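Below you'll find the structure, written out as structure tokens, and then a few comments.
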Amino acid sequence: MALSRRISVVPLVLCLLLGGCAEQRDGDTMARSLAAAEAKRLDDDLTRDRVRDAEWLAAIHVPETVEGTNSTIRREPLAWSGSTGVNEQAVIDVRIVVTVAEDYGATFGDLGNSAGQATRCYRYRLELQRHTPYQEIICPSVATLPVPSVGPIPALPPDARDRLSVALRTATPGTLAGVVRAAFPAKHITVDTVTHKGVLVAAVGVPAERECLLLIRTSSGAVESPGYDPTWLQPGETGCRTGLYVSPPR
């Protein structure tokens, strides 16, 4: 360390002899700027196009440590509540801690920066398909940081196509709804069935994830997968319904 400090004096002496040189940048100011930039980056990355619990968002998006050339940026979740469901709001409080190491400057005339540190906190309010501004808040005194946990994301089972194919092959127009629901008993899965002009139609899906499996059994007994425009799975559109086949949107 002593050697590095002696070497760092050389550009300072030359700078003073020649007259006029840049001042060493303030490390605390740099740290505050880095924290603000990191808060903006997190805001850009947060998921707003899926229904998610605030705890899931805090666990997936917030915790991160970034090692820079002479700085360390650490993001920590402080609190969370709510969800990004329809007409709901997820609220997440985040602490960003930045440490800047002293830099003696790598070029002539550049005196680098002093060591610095900054701790800034921000509140993010997240709504489905809507961008609401985040705001800086006073950092609370927290003895122990809470740890958000990640639960499974609702989804169709891996063998969904096989299950639905079997259900369609064994069902009759009168038993179709019950047979398909029995094949997909999970509450987060929607089931919609209909018999249309001798064709058995079934749509099973997870609306929150815009996941949909649409199969039909033709009058000849063949099970087929008719195509549809995934745009119609978006919020406010047709959704995962038999109408995707029976009366497709135009």
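Can you tell me which residue is surrounded by the fewest Cβ atoms within 10 Å (Cβ to Cβ) among those in region 29-86 that are touching a strand residue (DSSP E or B) at 6+ places or on another chain (Cβ under 8 Å), of a type in the set (A, V, I, L, M) and not in a helix (DSSP H, G or I)?
Across region 29-86, the extreme among qualifying residues is VAL66.
Can you pull out the residues in region 155-172 that are of a type outside the set (Val, Ile, Thr) and surrounded by 12 or more Cβ atoms within 10 Å (Cβ to Cβ)?
If the condition is that a residue be of a type outside the set (Val, Ile, Thr) and surrounded by 12 or more Cβ atoms within 10 Å (Cβ to Cβ), then ALA155, LEU156, PRO157, ALA160, ARG161, ARG163, LEU164, SER165, ALA167, LEU168, ARG169, ALA171 are the ones that fit.
Determine which single condition PRO146 fails, assuming it passes every other condition in (1) surrounded by 12 or more Cβ atoms within 10 Å (Cβ to Cβ); (2) under 28 Å from ASP26 (Cβ atoms).
(2)
The rows are residues; the columns are (1) under 20 Å from GLN129 (Cα atoms); (2) not basic (Lys, Arg).
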{"site": "LEU176", "(1), (2)": "no, yes"}
{"site": "THR190", "(1), (2)": "no, yes"}
{"site": "HIS196", "(1), (2)": "no, yes"}
{"site": "VAL201", "(1), (2)": "no, yes"}
{"site": "GLU209", "(1), (2)": "yes, yes"}
{"site": "ARG217", "(1), (2)": "no, no"}
{"site": "VAL223", "(1), (2)": "no, yes"}
{"site": "PRO249", "(1), (2)": "no, yes"}
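Among the numbered criteria (1) in contact (Cβ under 8 Å) with a residue 60 or more places away in the chain; (2) on the phi > 0 side of the Ramachandran plot, which single criterion is violated by GLU76?
Only one criterion is unmet by GLU76, namely (2).
Has region 130-142 got at least one residue that is closer than 21 Å to ALA35 by Cα and touching a helix residue (DSSP H, G or I) at 6+ places or on another chain (Cβ under 8 Å)?
For region 130-142, residues closer than 21 Å to ALA35 by Cα and touching a helix residue (DSSP H, G or I) at 6+ places or on another chain (Cβ under 8 Å): present.
Give SER219, SER225 a once-over and let me know the one that is of a type in the set (S, T, N, Q), closer than 22 Å to GLY178 by Cα and modelled with pLDDT under 95.
Going through SER219, SER225 in turn, just one is of a type in the set (S, T, N, Q), closer than 22 Å to GLY178 by Cα and modelled with pLDDT under 95: SER219.
Working only within region 180-230, note down all residues that are farther than 18 Å from GLY243 by Cβ and either assigned to a strand (DSSP E or B) or in contact (Cβ under 8 Å) with a residue 40 or more places away in the chain (or both).
Hits for region 180-230 are ALA208, GLU209, GLY221, VAL223.
Considering only region 207-227, how many residues are surrounded by 19 or more Cβ atoms within 10 Å (Cβ to Cβ), over 25 Å from the mean Cα position of the chain (by Cα) and of a type outside the set (Val, Ile, Thr)?
Selection size over region 207-227: 3.
Test GLU102 against the criterion of being under 35 Å from the mean Cα position of the chain (by Cα) and within 24 Å of ASP53 (Cα to Cα), and give yes or no.
So GLU102 does not fit the description; no.
Would you call VAL100 more than 28 Å from ARG210 (Cα to Cα) and open to solvent by less than 70 Å² (accessible area, probe 1.4 Å)?
Yes, satisfied.
Do you know which of the residues in region 187-206 that are at pLDDT 95 or above and within 18 Å of ILE153 (Cα to Cα) is surrounded by the fewest Cβ atoms within 10 Å (Cβ to Cβ)?
Top of the filtered list is THR190.
Would you tally the residues in region 24-74 being within 20 Å of ARG120 (Cα to Cα) and of a type in the set (S, T, N, Q)?
6
The values are calculated or read from the model by the stated rules, or taken from the named source; none is laboratory data. Computed from a prediction, not measured in an experiment: that's the story for all the values here. Methodologically, a virtual Cβ is constructed for each residue, glycine included, from the backbone with ideal geometry; neighbour enumeration extends over all protein chains shown. These accessible areas exclude ligands, DNA and RNA; they are computed on the full protein's heavy atoms, side chains included. Shrake-Rupley method; radii C 1.70, N 1.55, O 1.52, S 1.80 Å.
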